[in-house]
Amino acid sequence: MKIINILRFGFSFIVLFMLVSIAVLAQDKVEKEERIREKEVPKIAQEWLYDSFEKIKRPKWYKEFSDSGYSFEAKFQYDDHFHSVEFDSLGNILDVEIEIDWSELKEEVRSSIGNYFGEKFKEHKLIKIQIQYSGEEEDLKEFFDEDENEGILTQYEIEFSGIDLSGDSRIWEGTFDSQGNFLAQRIVRVLEMANVIF
């Protein structure tokens, strides 16, 4: 009887482990944005944005909804690049993403990311590349205002369409570290009227 109970427990544990693993691997990116007026954005977010990007002109503000809640996002062009600055629901800075071209990546980063695509996908086409900066509020402010990079975490987010080795064809988002090493990947599910192009 004890052996049967041990086997049942072991089987249950294996099934639970597999289900958790599948859930982690299959995390999807599902987001919806709606345009809002600046006065709807917490003052702390507005102040951080204008202090960090002093020459900014007319950012567009959005409220972004996801399965984990909502956040605020400012989108604008600055120094010939599209920027997206995300704040939590209270107005605290989360990260800054800047859209860049493939050619702007360092050669070793391109090589590392290219190797990942070659190993995991039959075909792929890049849709959008963003360099993402995150860190403490003051560190990020100094990074953009005074070009100080202490305490800054740099990653790359790449959105792409692709056919993986199993033949699955989707739009994906891959996250890579500052050296181009793969960190995570998720399926992008675009909700109707979801992402507003700015």
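Data for the structure
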| read-out | value |
| --- | --- |
| Under 19 Å from the GLU99 label point (7 Å along Cα→beta-carbon), backbone N, the stretch 32-56 | 32-36, 56 |
| Gyration tensor (alpha-carbon) shape descriptor, the stretch 59-122, a/c threshold 1.5 | oblate |
| Listed peptides 160-170, 44-54 by packing density, highest first (mean Cβ within 10 Å) | 44-54, 160-170 |
| Additional length obtainable on full extension of the chain from ASP168 to LYS57, 0.36 nm per residue less Cα span | 35.7 nm |
| Lys pairs, the stretch 59-198 - Cα-Cα below 26 angstrom, 8 or more residues apart or on other chains | 17 |
| From phi via Karplus (6.51, -1.76, 1.60), per-residue ³J(HN,Hα) for the stretch 96-102 in Hz, x at Gly/Pro | 10, 10, 10, 6, 9, 8, 3 |
| Residues with amide H under 5 Å from that of ILE127, placed H, sequence gap 5 or more | GLU159, PHE160, SER161 |
| Aspartates and glutamates with Cα under 14 Å of LYS39, excluding same-chain neighbours fewer than 8 positions away | GLU47, GLU73 |
| Gap separating the Cα centres of the stretch 114-133 and the stretch 46-92, nearest whole Å | 25 |
| Phi-based couplings in Hz for the stretch 78-83 (Karplus 6.51, -1.76, 1.60; Gly and Pro marked x) | 8, 6, 6, 9, 6, 10 |
| Three-way shape label, the stretch 99-148, alpha-carbon gyration tensor, a/c 1.5 | prolate |
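Throughout, read-outs are computed from the coordinates displayed, never taken from laboratory work. All figures in this text were calculated on a predicted structure; none of them were measured in a lab. Every residue, glycine among them, receives a Cβ derived from its backbone with ideal geometry; neighbour counts consider all protein chains shown.
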